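A short write-up of the structure that comes next.
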Amino acid sequence: MSEYAIQARGLSKKYGTNTALLDLNLEISSGEVFGLLGHNGAGKTTTVNLLTTLLEPTAGQVVINGINAMEYPNEVRRVIGYLPENVQFYDNLTTMENLRYFARLSGLTKPDARIREVLEYLDFTDHDHDRVGSFSKGMRQRVGIAQAILHSPSVLFLDEPTSGLDPEGVHQLREVMVRLNQELGMTVFMNTHLLSEVTKTCTSIGIMRKGELAYNDSLEATLEAFPGEDSLESIYLQIESAGTR
Amino acid sequence: MTSILAISKHELLSLRREKLPLVLLVVFVVMVSVSGLIGWLTNTTVSNVWNKSTQAGLTNASNPFENVSPLYYSRNTVIYLVLIGALMAIVLGVTSTMRDRKARTLDLVLSRPLSVVEYLLGKTIGVAIWLMAVLATVGCISWASVAIIIGKPLGVQDTTRLAGFYGIALVFLMAFVFLGMISGIYASRETTALLIPISVWSITAFVLPQIGTSANPVSLLNPVPSVAFPGGAFDALNTLFRPLSVTEQFKGASGWLLSNPEVTGYFIASISIVFIATALGLLTLLLTRRDRIRGALND
């Protein structure tokens, strides 16, 4: 097992002349909950898409659990779970049918027992035979978490996981994230613009600014480094306006 | 292999849950069944008239259906395949690749350990199994219809020819499935995704044969390929464009398999063109890049 769950080395992504991400260098230790902050369009989703092998970088490398994602993308995909922003499913299929499909794609040949285990873990067994089309945003997000952890990944990527959720949904999701990290030892990488979420769940943070990583440190060190500031929000705004550190 | 199987199963499950492919399937099966009924009615009516005329001493001619191959009664199925079958195949193809784009599930799928080739092959196999089931159903209806019309089961040779015809029909329809799948990947809107392959189909089925044969548009609805008058401009255009009209080539190959005496041309050439068109479609599909598949819709 590698010391670092996630490593990005000189990672860049360009779309024509537009630079979405420039020279990202990042190391996240195994077992951490990392929060990537930034304004809309700062490059957070591009970063997640590159780290999850959904996009190919223009330059640089991604290494997950010691596996080079450019050379062995399928090996990396076996050890990661991914929950995209506003996760969607096949609405005319049930929870079980959707999860069975994604479980099989992850290599589980007889997935039903594992699906039930995951749904029990997420306290979602009452809806396993309901069609996903009738689900609320919060319920979809639970199915989204289920599909991401079916194959017991060691690294979990969550892109804006609390986006559009009501306060109760946010609270439930936060509990799930903490349990996945503490009980199952998953490394969690979370994109968010909700500073309150980062304060409550993350052990380290990064701040993206115009496609570049402007700041990266543990949450504890961050709070210590800005002794005069009373909240992460004011620290975030200070870093945002100061530029790269 | 597990991924390909999973995608194929998912494809079949999704097709079962969607209305449009089911509606097209029913229309297609009904048309073929009606085709059998029309054949039976034609045979019965003409034979009754011939019997009465013979008994009344009005004719010495033999029954016009006496020396007709039993497969003659299935020949209208050819045109149903060219018209409804090809459209059904296009819809199946577009639906297949458009489904994940519309549902926005592609990132969930592509974050799994599978290649683009596995993903597209899985979809292809799923649709092919669906089409095989449709054609097997239609083939059984055809076989039973002919058996009822001639009053006895079809012989081994005719049954083999009928099976061969539906086999070629599967290859022919897969060419349009691939056309639909490619359009479903590259089009930025769902309506465009359907419009492009339907335009290609109409050019193949109507425009190309017409400019090469000066055929009356209505005659293009016949199950027999249109033939240019020898010599002259149309014959020259026919030489140029006929190979491009996969539908006319399919008519030619089918006519040969269904023992249609009106068919001209070379069976091997016709069947080769159908196979080449399908193989080119598959190759183009499998060359699709990963980032292309993730393309967002503008709908």
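General observations
- In terms of other Cβ atoms within 10 Å, B:S272, A:S154 run from fewest to most in the order B:S272, A:S154.
- Neighbourhood charge, 10 Å Cβ-Cβ cut-off, centred on A:A103 and excluding it, Lys, Arg +1 and Asp, Glu -1: +4
- Simple spin-label estimate for B:S62 and B:V200 in nanometres, 7 Å along Cα-Cβ: 4.7 nm
- 3J(HN,Hα) couplings calculated from phi for segment A:172-183 with the Karplus curve 6.51 cos²θ - 1.76 cosθ + 1.60 (θ = phi - 60°) are, in sequence order, 5, 5, 4, 4, 4, 4, 5, 5, 4, 6, 7, 8 Hz; Gly and Pro show x.
- FRET efficiency, 1/(1 + (r/R0)^6) with R0 45 Å, evaluated for B:L83 and A:D91 via beta carbons: 0.90
- With each label modelled as a point 7 angstrom along the Cα→C-beta vector, the A:D166-B:T54 pair spans 8.1 nm.
- About the centre of its Cα atoms, segment B:33-115 shows a dipole size close to 380 debye [charges on the beta carbon of Lys, Arg (+1) and Asp, Glu (-1) only; nearest 20 debye].
- Karplus-derived 3J(HN,Hα), 6.51/-1.76/1.60, for each residue of segment A:67-72, Hz, glycine and proline x: 9, 6, 5, 6, 7, 10
- For the protein assembly as shown, the dipole from Cβ point charges (+1 on Lys and Arg, -1 on Asp and Glu) about the Cα centre works out to 2140 debye, to the nearest 20.
- Rg to Rh, two decimals, where the protein assembly as shown supplies the alpha carbon set and Rh follows Kirkwood: 1.13
- Semi-axes of the equivalent ellipsoid for segment B:57-162, Cα gyration tensor, largest first, Å: 45, 14, 9
- Using the Cβ-Cβ distance between A:L194 and B:T192 with R0 set to 35 Å, the FRET efficiency from 1/(1 + (r/R0)^6) comes to roughly 0.40.
- Treating each Cα of segment A:1-105 as one equal point scatterer and applying the Debye formula with no solvent, the log10 of I(q)/I(0) at q = 0.10, 0.16, 0.24 Å⁻¹ comes out as -0.33, -0.80, -1.33.
- Between the amide H of A:L36 and those of A:M190, A:N191, A:T192, A:G206, distances stay under 5 Å, these residues lying 5 or more places away or on another chain, with hydrogens modeled in the peptide plane.
- Cβ-Cβ FRET estimate between A:S152 and B:T160, R0 fixed at 60 Å, reported to 0.05: 0.70
- Reducing segment A:79-140 and segment A:166-245 to their Cα centroids gives an inter-centroid distance of 28 Å.
- Partner lysines for B:K19 [C-alpha distance under 30 Å; skip if fewer than 8 residues away on the same chain]: A:K110, A:K137, B:K9, B:K102, B:K123, B:K251
- Note on A:S2 and A:N74: their simple-model spin labels are 1.9 nm apart, each label 7 Å out from Cα toward Cβ.
- Listed residues A:N18, A:F226, A:T162: farthest to the positive end of the dipole of chain A (Cβ charges): A:N18
- Backbone N within segment B:101-130 under 19 Å of label point (7 Å from A:T109 Cα along the Cβ vector): B:113-114
- Structure-based [θ]222 nm, the protein assembly as shown - -39500 (n - 2.57) summed over DSSP H runs of at least 4, per residue, nearest 500: -18000 deg cm²/dmol
- Calculated from the alpha-carbon coordinates, chain B shows an Rg and a Dmax of 21.5, 80 Å respectively.
- Here the contact order of chain B, divided by its residue count and restricted to Cα pairs under 8 Å and six or more residues apart, works out to 25 percent.
- By the compact-protein rule of thumb, 2.2 N^0.38 Å, the alpha-carbon radius of gyration of chain A corresponds to a ratio of 1.01.
Read the figures in this text as sums done on the coordinates, not as results from a lab. From a predicted model like this one, the values you see are computed outputs, not experimental measurements. Here the Cβ is made from the backbone with ideal geometry for all residues, glycine too, and neighbour counts use every protein chain on show.
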